[in-house]
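The values are calculated or read from the model by the stated rules, or taken from the named source; none is laboratory data. Computed from a predicted structure; not experimentally measured. When we count neighbours, we look across all protein chains shown, and the Cβ atoms used for this are built from the backbone with ideal geometry, even at glycine.
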Amino acid sequence: MPDVETQLLGGTANRGLVVRVGDTVRRPLRASSTATHALLEHLERVGFSGAPNFLGVDSQKREVLSYVPGETVTPPYPAWSMTDEALDSVARLLREYHQAVAGFDPAGLAWAEPVPPAYVEDLVSHNDPNLDNVVFRDGVAVALIDFDLAGPGSALWDVATAIRLWAPLRPDADIADARRGRTLSRLRRFADAYGLDETDRGRLVDATARNHVWCMDYVRRGAETGHPWFHQRWTTGEAELTDRTNQWFTEQAEALRHALQP
């Protein structure tokens, strides 16, 4: 009997193309797959359990990864995923990933989406710790998945990405869940839980605003080149939300900086 393939939900770039087969996950190969596989192999060597293991390439030319059991956060967001305790655990997991990846040399490998040079420092960042790219068990973040956008970056850039998505950093009117009205307190809480140092706290607000531009430009370019899911996302409100959020970052910059002060 052939192996049963079960489609996994979430994501945009590979929506509908990621399947579970037994205790493995099969995903399309990309131009940056060799780099991503080298990264995952490093994480396995150093004993980091918070990422899937690379197991090879199957007969259909798909990468084969170990399946990480647990739950990811997809709409409608479950109540447990919006708690401060869940937020804290994401921050701690990201810190553990940065400690594990610190010895990995990215030189000579082709990565997917360059991070702005001001935020390329000393490690390979995940670059997309979105809600559906974090695996939870019993309400605690235990693993990062979907390393497609990983590449040379910095801890600051990853923290900016995660805070922007998990706080979240956007106008209150565009937050339709229990996080509405709690942006500033969750921003500070994530920075504290991660243990962000004073220097990076001073750079964090600018980094989050720049990260939003970087991410939305990636989505826009995907839409313009005909990717069906990016096109749907961009043309059903994302472009307008992007403009509102960019304006919000300008208007709220001082309040965001104040929230991070000791």
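In the list 76, 28, 69, which residue meets the criterion of being surrounded by fewer than 18 Cβ atoms within 10 Å (Cβ to Cβ), within 18 Å of residue 141 (Cβ to Cβ), out of contact with any Gly (no Cβ under 9 Å at 6 or more places or on another chain) and not small (Gly, Ala, Ser)?
Among 76, 28, 69, only 69 is surrounded by fewer than 18 Cβ atoms within 10 Å (Cβ to Cβ), within 18 Å of residue 141 (Cβ to Cβ), out of contact with any Gly (no Cβ under 9 Å at 6 or more places or on another chain) and not small (Gly, Ala, Ser).
Taking residue 193 and the conditions (1) in contact with an Asp or Glu (Cβ under 8 Å, 6 or more places away or on another chain); (2) in a helix (DSSP H, G or I); (3) loosely packed, with under 13 Cβ neighbours inside 10 Å; (4) not charged (D, E, K, R), which numbered condition does it fall short on, given that it satisfies the others?
With (1) in contact with an Asp or Glu (Cβ under 8 Å, 6 or more places away or on another chain); (2) in a helix (DSSP H, G or I); (3) loosely packed, with under 13 Cβ neighbours inside 10 Å; (4) not charged (D, E, K, R) applied to residue 193, the lone miss is (3).
Between 148, 158, 177, which is surrounded by 19 or more Cβ atoms within 10 Å (Cβ to Cβ), modelled with pLDDT of 90 or more, part of a loop (DSSP other than H, G, I, E, B) and not polar (S, T, N, Q)?
148
Condition check: in a helix (DSSP H, G or I) and surrounded by fewer than 18 Cβ atoms within 10 Å (Cβ to Cβ). Does residue 237 satisfy that?
yes
I need the strands (runs of 3 or more DSSP E) fully contained in segment 1-120, keeping only those with at least 2 residues that are among the acidic types (Asp, Glu).
Result: empty, no element qualifies.
Could you please let me know if residue 205 is under 24 Å from residue 43 (Cβ atoms) and modelled with pLDDT of 95 or more?
No.
Starting from segment 96-123, keep only residues that are assigned by TED's automatic domain parsing to the domain that holds residue 195 and more than 11 Å from residue 35 (Cβ to Cβ), then list their pairs with residues that are acidic (Asp, Glu) and not in a helix (DSSP H, G or I) whose Cβ atoms are within a distance under 8 Å, requiring at least 6 positions of separation or different chains.
102/122
Can you find a residue in segment 240-254 that is outside any helix (DSSP H, G or I) and either surrounded by fewer than 19 Cβ atoms within 10 Å (Cβ to Cβ) or touching a Ser or Thr at 6+ places or on another chain (Cβ under 6 Å) (or both)?
No, there is no match, as no residue in segment 240-254 is outside any helix (DSSP H, G or I) and either surrounded by fewer than 19 Cβ atoms within 10 Å (Cβ to Cβ) or touching a Ser or Thr at 6+ places or on another chain (Cβ under 6 Å) (or both).
Just to be sure I understand, how many residues within segment 79-97 are surrounded by fewer than 17 Cβ atoms within 10 Å (Cβ to Cβ) and not hydroxyl-bearing (Ser, Thr, Tyr)?
The total comes to 6.
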